[in-house]
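A.B. asks: Would you mind keeping the following structure in view while I ask a few things?
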Amino acid sequence: MPRSLWLLIIGMALNVTASSFLWPLNTIYLHKYLGESLSAAGLVLMANSLASVFGNLCGGYLFDKAGGYKSVLAGVFITFASSIGMVANHEIVSYTIFLTLSGFGTGIIFPAIFAMAGSVWKEGGRKSFNAIYVAQNLGVALGSALGGIIASYSFQYIFAANAIMYLAFLLLAVFGFRGIEGDAAVQTSVLNESIPVKHSKKILALSVLCVGYFLCWIGYVQWQSTIADYTQQIGLSLKQYSLFWAINGSIIVLAQPVIKVLIKWFAKTLKIQLVAGMLIFIISFAVAANAHDFSGFLTAMVILTIGEMFVWPAVPAVANDLAVKGREGFYQGIVNSTATAGRMVGPLLGGFLVDTHGMNMMFSIFTISFVIAIFTIFMYERVLKKAEENNQVVSNL
């Protein structure tokens, strides 16, 4: 891998480590320490994720207009400023405001880094996105493991650790990312042109795929919201809950050679890879629905982790394959905003279901969402096939 990609990998690891000090514990902090209901906590997280959706779209647009360097700097400056504000005041109103601003900042960062990764190592194909994905989960493992330990002493230390890590990322971005623009000049000129019909068909195909991606995320994010709170109710400690995410990130980092073999042997196409991952998500939720202790939820988390190793890197890779030259940031913005929308709706919907109907209803509804997501894969393939057939007809004419 080129040096520039390694810098992006380190930057993503720092970024996610910083956020992972906080995001696994958001619902617990809001519900247990600030006394808010699960539905109210869901609204706060919804504000954070809604801001991230706008950040994703802005990040993709900024990348196409100004290049990766300026895009990442804008995002990380906003997140760092928000983390400083959170250190100063983390009562419910200020916490909501700063968490929302942080969501907007991180939303800008993600599509820019993914688009830069695809640009700096084009011959690497999906390897670039998998490398960034592994960096994300290294950050999840480090941040979650340390966050649970730090929070057991004081949540005040969590906010300070979050700010320190964002400062480190800001310094890396300022001095390390300079020059990693991702062909911004070419992209700007393409953006000023109209998009041919054949490209709009590709966007339609990606949108269909993203419906399933969205459904997967609203189920997955329950582990950060309703399931997080439920583990506290049945007597698990903050350290034990954070350990789930530490194990999640560690498996993703350490099991890459095994996953590569499995994908090469079994999931030879992105379609098979996505369907297999979603089926594994269903199995994970079935195990979690019947879990009542640490070992049961740990088993469900391990299964969930295997599923996400199939699904999460595949969708950005599909977007990169479909992207028109000069529109890579836009396509990655669609993918990242879809994931963020799932993280936005998931906690609110999950909190409402648990508050009104209990945990069993929540597990049932989101298991169905995974089943529907599988059908969108076949719909995506059908739309893409029709688009290719239409393009072939036009070419023959």
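A.B. asks: Gly67 is checked against (1) in contact (Cβ under 8 Å) with a residue 40 or more places away in the chain; (2) crowded, with 19+ Cβ neighbours inside 10 Å; (3) under 27 Å from Met116 (Cβ atoms); (4) within 19 Å of the chain's Cα centre (by Cα) and fails just one. What number does that condition carry?
C.D. replies: (4)
A.B. asks: So how many residues does the range 44-70 have that are over 16 Å from Ser337 (Cα atoms), in contact with a helix residue (DSSP H, G or I) (Cβ under 6 Å, 6 or more places away or on another chain) and modelled with pLDDT of 85 or more?
C.D. replies: 1
A.B. asks: May I pose another question? Which one of Ala286, Ala276 is in contact (Cβ under 8 Å) with a residue 12 or more places away in the chain, surrounded by fewer than 16 Cβ atoms within 10 Å (Cβ to Cβ) and at negative phi?
C.D. replies: Values: Ala276 fails: surrounded by fewer than 16 Cβ atoms within 10 Å (Cβ to Cβ).
Of Ala286, Ala276, the one residue that is in contact (Cβ under 8 Å) with a residue 12 or more places away in the chain, surrounded by fewer than 16 Cβ atoms within 10 Å (Cβ to Cβ) and at negative phi is Ala286.
A.B. asks: Would you check which residues across the range 288-329 are β-branched (Val, Ile, Thr) and touching a Ser or Thr at 6+ places or on another chain (Cβ under 7 Å) and list them?
C.D. replies: Ile303
A.B. asks: For a quick check of your reading: which helices (runs of 4 or more DSSP H) sit entirely within the range 252-367 and have at least 2 residues that are of a type in the set (S, T, N, Q)?
C.D. replies: 270-289, 294-311, 328-357
Okay, residues lined up against (1) hydroxyl-bearing (Ser, Thr, Tyr); (2) modelled with pLDDT under 90; (3) more than 20 Å from Pro2 (Cβ to Cβ); (4) not in a helix (DSSP H, G or I):
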residue	(1), (2), (3), (4)
Phe98	no, no, yes, no
Gly105	no, no, yes, no
Glu123	no, yes, no, no
Ile132	no, yes, no, no
Ala145	no, yes, yes, no
Leu171	no, no, yes, no
Ser189	yes, yes, yes, no
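A.B. asks: Given the conditions (1) crowded, with 24+ Cβ neighbours inside 10 Å; (2) modelled with pLDDT under 85; (3) not aromatic (Phe, Trp, Tyr), and given that Asp321 satisfies all but one, which numbered condition is not satisfied?
C.D. replies: (1)
A.B. asks: Still on this model: Looking at the range 218-245, which of the residues that are over 16 Å from the mean Cα position of the chain (by Cα), crowded, with 20+ Cβ neighbours inside 10 Å and small (Gly, Ala, Ser) is nearest to Gly350 (Cα to Cα)?
C.D. replies: In this case the residue turns out to be Ala228.
A.B. asks: Out of all the residues in the range 133-178, which are buried (at least 23 other Cβ atoms within 10 Å of the Cβ), among the small types (Gly, Ala, Ser) and over 14 Å from Asn248 (Cβ atoms)?
C.D. replies: Across the range 133-178, the qualifying residues are Ala135, Ala151, Ala173.
The values are calculated or read from the model by the stated rules, or taken from the named source; none is laboratory data. Keep in mind that what you see is a predicted model, and the values were worked out from it rather than measured. Here Cβ is always computed from backbone atoms with ideal geometry, including for glycine, and neighbour counts include all displayed protein chains.
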